[in-house]
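Before any comments, here is the structure.
The values are calculated or read from the model by the stated rules, or taken from the named source; none is laboratory data. No experiment lies behind these values; they were computed from the predicted model shown. Glycine gets a Cβ as well: all are built from the backbone with ideal geometry, and neighbour counts include every protein chain shown.
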Amino acid sequence: MLQDFRRDITVTADLASTWQKLLDVSTVASWVSIVEDVKEIDPLRRFTAVLQDRMGPFKLRADLSIDVLEIEEGSRIRIKAGGQDRQVRSRISVEAELSIENEENGSRVTVEGTYEVTGRVATLGAGSIRKKATGILDEFFQHLTQELGGSR
Amino acid sequence: MSARKISFVLNRRPQETEIDDSVLLLDFLRDRGLTGAKPSCEMEVCGSCTILIDGLPFSACTTLAVEVEGRTVETIEGVARNGELHPIQEAFVERFAMQCGFCTPGMVLTAKALLESNPDPSRDDILHWMEGNICRCTGYESIVEAILSAAAKAGTGDG
Amino acid sequence: MDNKPQIVGRSIPRVDGVAKVTGAAKFAIDLSVPGMVFGAVVRSERAHAEIIDIDTRSAEQSPGVVRIITGRDLDNVVPYFGHIVLDHPILAIERTLYYGEPIALVIARSQQAATHAASQVEVEYRELPYVTDALEALKDDAPILHPQRGEVVRDLGFDAGEEGGSGNICSLASLDWGNVDSGFAAADLVIEGEFRYPMLYGYAMEPYNALAVSGEDGLTVYTTTQHPYMVRKDLARILSLPFAKVRVVVPYVGGGYGTKSYSKIEPLAAVAAQLTGLPVKVVLGVEESIHTTRSDSAIVRARSGYTAQGLLVARAFEIVLNSGAYTDNSPQVGQKAVNTCFGPYRTPALSVRMRSVFTNTVPASSLRGFGTPQGTFAGELQMDEAAERLGIDPVELRKRNLVGPGEEVIPGKRALEANLPEDLELLSKSVDWPDPGEGRASGLGLSASDSGAYPSSTALVRIHADGSASALVGATEMGQGSRTVLAQIAAQELALPMELVTIVSSDTGIGPFEQTTGASRTTTVVGRSLQAACQDARRQLRALAAEVHEVAVESVQDAPGGVLVDGTWRSFAEVIQGWFGAGGEVIGTGAIRRSGDFAETPVFWEIGAAGVIVSVDRDTGEVSVEKLATIGDVGFAINPAMVHGQDAGAALMGLGAALHEELVYEGEMLTNPNLVDYRVPRFEDLPREMDQMLVERQDGVGPYGSKGAGEGGGNAIGAAIASAIARLLGVRPRELPLTSERVWRLLQDGRIPREADDDLS
């Protein structure tokens, strides 16, 4: 079931530094706790990674392909990621946009988009999946503020 | 995939056989023509695959065949003796405690284990003990009555 | 001959009882033949998609694999089945219309090998927009599942909705009389409401399975089906075989309830057997069975108008059924919902519109009740609400409006045989109406359902050389007791003891044609054709005796197990052997068709009268059913204990839908396709007190005045329970199941939230 998410946070780093950091797709991907082994296939265009996680009785391992769909210099990055775990017969797809804006004492980073989990894992129910997604977003922003300087 | 020898007692007869580790007890029994235990929910909740191991009800669909090494196994085919029905079986027939019959072997075995453990169960005892066996046809009431009737008969001097 | 009931009307133990308690009774799932191979189904993982490629290469290399079949291998057969519209593909062809749809069949030497190889098949899809909600599917921009409908193979006069922009319409039905507009305008009270009935899974405990053997003399399929002759028809069409070369054999059926009406996995097994030349067994797991068939869920908008004295002046209903990906039986379910939603009440003006809608979900098919529970839920709850608003006791309100015996419910159809006011009286007494005590409330519901039993039936009776008898019928035994009841009828008619009578049933190669087993029809319809067969046998025996003894045939009389010739009793055996010289046999035939007693439809009205006493835990919302009462208004009970059993079983099934059962879709797939998350009633759900009452007024066209039983008991339970909860808590439930959570929410917010809210995790 398609779910959406949206969250923003203000960091102390200025717009230029924040932008540089966000362009480093490998690092940004590492802020997502369940994604590892990020490899660059086509610079700033195509990446692969591995999603590994445990949800309820399911141990998931999916090869992810990550495509950068759009880059608006200094302002937005739109990505699409997807993969499936054949063993567990489940798929995940994510579309997300990271955008930044100037703030008085730094910059504001907004992450928004949609995701969908289908297959066996989805039988855990939308509630459980959402909880997991919220946790992942929490960790993402934790890492982001660590790197770019926390604010409120 | 490895095989090993196991010995156990099946319906009062000693067995020795070589069995692969991964084989489920339900498939092992059914492949040997003991089709009384039935596959239904595949996850130990419906009771239609119930067999007795050392007198207690187990779901054969989630038991490995190798687990019965050294144990006593009883299936529905072993309940009637020399063509004579067990009192529980008689009570089930008298009280119309079955309709399609698919859950019946499991029901009889679980009820048998109940009466062997508690010869004079209350209605609540029965509802609680039998909770692991589902029936979709009868609405359960006739099964409860059959078990109470079998218990009463046994109580009046038959066993 | 004195036909006073001696065998019928008695609770004779089931003829299959001993076989079932000893495990000797065989079901299709238990059968095997030498050289048998096993099939495992590969299933769609999209709700709506084009199938771009099916990669079977690594699966083919898997150990033990014999063959893999996909939609591309069906060129030499008719690849569709369906008894109304030929739209159900044996395997998805180029497109898949629901998550879980069969895409391929892997055939291997063992079940394990087949299942293992099936997991290696890779399917590539091009996703299409999908729709799982019926109201969404009706919108103009909804994706269309069937841009072209399949061929209509059975003209039931149903409206496929081609006119006026069909979109995802599976079928339409309507019923009108009088002028509802002026009725509502003149009414003193008009109330409206929207009601929802859940998507259910019948959970017959024996999952779908079929064993197909193809040979020179044709095809034989052993399967768990209710209607072997309908399966035969599908298979014959698919493989271009004459009926005489297709044999469908049905041993005991491990639960039916309508879920095993019409072809399911037989076409796939049959095609596999033909393509491989080997016997192929396909056994589905329960999760797969859930993805094979479920019931139509319904949204019913109801509007009813009353005078100040509580007399109905008009009723209007709009029914939308979510019917899944293929037509199956939804047109008939919808028609039944139309015919029963307004209840057995005098309705001066009526307007009912039904739309059965395609969605990218598991195909819907018959389930016990068949449209009646869905409509009755809305109609009966609205009667209760009207009673409250008018200040009239709900039982009294019903009494004022109930159709009496001999009155028409639907103009032009068979009049109602039953005496509903009396049934209502019995029911309300049983549930201590109006006040069953502190902390408890009573609720009741009534329905009269026009049985879908189609009168087309044949039967044979063989009187053997020793005077024993075999009755051959096409009816299946799925627990309802057909074999026992029919044996009783044959024994009664021939005045033979039960021990000398056997029933041979449900084998299209041996026994005679039977349209279906379901719609509570067997006692009534098959019973009559069997009676006719017995009477035919007796007529022949009298003629033979007359010849043997050289007397006028008019002077020979029927007698128990024989005839009277000049006052002397001659046994059947004596007559038969006397005529043949040695051995011999007399074969009686009987047939029922739509004429005479069976000219009018419905064949009978199946009465549903249910009452409950409930209590509710206000802290948790948990509903306890203290008492559950039903009335089996069956005309004449051939076997009273078995009627009780059927009513109790139907009542518990109804209780499941009322309190616990619902298939839930999230996104493209079901979230609870298993027996843990889909909760059926268990021992501990048994009401403290069960009261299955029997009412026999000999008012039916079946043998000895009997009518059908087995569905009515469940049709009104949902309404009865919701009604009792309303009385107890002062809140009006409008949907089922009334799980603890929903009742709790009703108590807190006065409503049940529609979507999964954020705080519900």
* Go through the range C:517-565 and give me each residue that's under 21 Å from C:Ser506 (Cα atoms), hydroxyl-bearing (Ser, Thr, Tyr) and assigned to a helix (DSSP H, G or I). => C:Thr522, C:Thr523, C:Thr524, C:Ser529
* Which residues, counting only those in the range C:136-151, are surrounded by 14 or more Cβ atoms within 10 Å (Cβ to Cβ) and not in a loop (DSSP other than H, G, I, E, B)? -> C:Glu136, C:Ala137
* **Filter result for C:Leu31 (within 14 Å of chain B (Cβ to nearest Cβ), within 21 Å of C:Ala269 (Cα to Cα) and either crowded, with 23+ Cβ neighbours inside 10 Å or not hydroxyl-bearing (Ser, Thr, Tyr) (or both))** => yes
* Structure fact -> In the range B:70-117, residues that are of a type outside the set (S, T, N, Q), within 10 Å of another protein chain (Cβ to nearest Cβ) and assigned to a loop (DSSP other than H, G, I, E, B) total 13
* **Test: A:Ile136 is surrounded by 15 or more Cβ atoms within 10 Å (Cβ to Cβ) and either within 12 Å of the chain's Cα centre (by Cα) or modelled with pLDDT of 95 or more (or both)** => yes
* To do: Look through C:Arg462, C:Arg440 and report the one residue that is assigned by TED's automatic domain parsing to the domain that holds C:Leu541 and among the basic types (Lys, Arg).
  => C:Arg462
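Give me the strands (runs of 3 or more DSSP E) completely within the range C:296-379, filtered to those with at least 1 residues that are surrounded by fewer than 24 Cβ atoms within 10 Å (Cβ to Cβ) and aromatic (Phe, Trp, Tyr), ordered by residue number.
Correct list: empty, since no element meets the threshold.
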* To do: Please find, among C:Tyr222, C:Tyr203, C:Tyr208, the residue that is within 14 Å of another protein chain (Cβ to nearest Cβ) and on the phi > 0 side of the Ramachandran plot.
  => C:Tyr203
* Among the candidates C:Val190, C:Val221, residue that is outside the structural domain of C:Val473 (by TED's automatic domain parsing), touching an Asp or Glu at 6+ places or on another chain (Cβ under 9 Å) and either at pLDDT 95 or above or more than 30 Å from C:Gly391 (Cβ to Cβ) (or both) -> C:Val221
* Matching entry among B:Phe58, B:Phe96 (being crowded, with 20+ Cβ neighbours inside 10 Å, touching a helix residue (DSSP H, G or I) at 6+ places or on another chain (Cβ under 9 Å) and outside the structural domain of B:Glu18 (by TED's automatic domain parsing)) -> B:Phe96
* Asked: For B:Leu52, are the conditions met, namely being out of contact with any Pro (no Cβ under 9 Å at 6 or more places or on another chain), more than 9 Å from chain C (Cβ to nearest Cβ) and part of a helix (DSSP H, G or I)?
  -> no
* Residue in the range A:72-131 that is farthest from A:Ile41 (Cα to Cα), counting only those that are hydroxyl-bearing (Ser, Thr, Tyr) and free of Cβ contacts under 8 Å to residues at least 24 places away in the same chain -> A:Thr123
* How many residues are crowded, with 18+ Cβ neighbours inside 10 Å and farther than 24 Å from C:Ala453 by Cβ when one looks only at the range C:502-517? -> 1
* Asked: Going through the range C:666-692 one residue at a time, which ones are more than 9 Å from chain A (Cβ to nearest Cβ) and either in contact with a Ser or Thr (Cβ under 7 Å, 6 or more places away or on another chain) or closer than 30 Å to C:Tyr130 by Cα (or both)?
  -> C:Leu675, C:Val676, C:Tyr678, C:Arg679, C:Val680, C:Asp691, C:Gln692
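Just to check your reading of the model, which residue among C:Gly202, C:Gly183, C:Gly193 is in a loop (DSSP other than H, G, I, E, B) and either in contact (Cβ under 8 Å) with a residue 24 or more places away in the chain or of a type in the set (S, T, N, Q) (or both)?
Only one candidate passes the filter, namely C:Gly202.
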* Structure fact -> Note on the range C:104-117: residues within 26 Å of A:Ala122 (Cβ to Cβ) and either surrounded by fewer than 23 Cβ atoms within 10 Å (Cβ to Cβ) or not hydrophobic (A, V, I, L, M, F, W, C) (or both) are C:Thr115, C:His116
* Tally time: how many residues in the range B:118-150 are touching a helix residue (DSSP H, G or I) at 6+ places or on another chain (Cβ under 8 Å), assigned to a helix (DSSP H, G or I) and either surrounded by fewer than 23 Cβ atoms within 10 Å (Cβ to Cβ) or at the interface with chain C (Cβ under 10 Å from one of its Cβ atoms) (or both)? -> 16
* **Subset tally (residues that are outside any helix (DSSP H, G or I) and either in contact with a Leu (Cβ under 8 Å, 6 or more places away or on another chain) or without any contact (Cβ under 8 Å) to a residue 60 or more places away in the chain (or both)) for the range C:408-434** => 8
* Within the group C:Leu628, C:Leu652, which residue is more than 14 Å from chain A (Cβ to nearest Cβ), buried (at least 24 other Cβ atoms within 10 Å of the Cβ), part of a strand (DSSP E or B) and modelled with pLDDT of 95 or more? -> C:Leu628
* To do: Kindly indicate the residue of the range A:109-128 that is more than 9 Å from every other protein chain (Cβ to nearest Cβ) and outside any strand (DSSP E or B) and also farthest from the chain's Cα centre (by Cα) among those meeting that condition.
  => A:Arg120
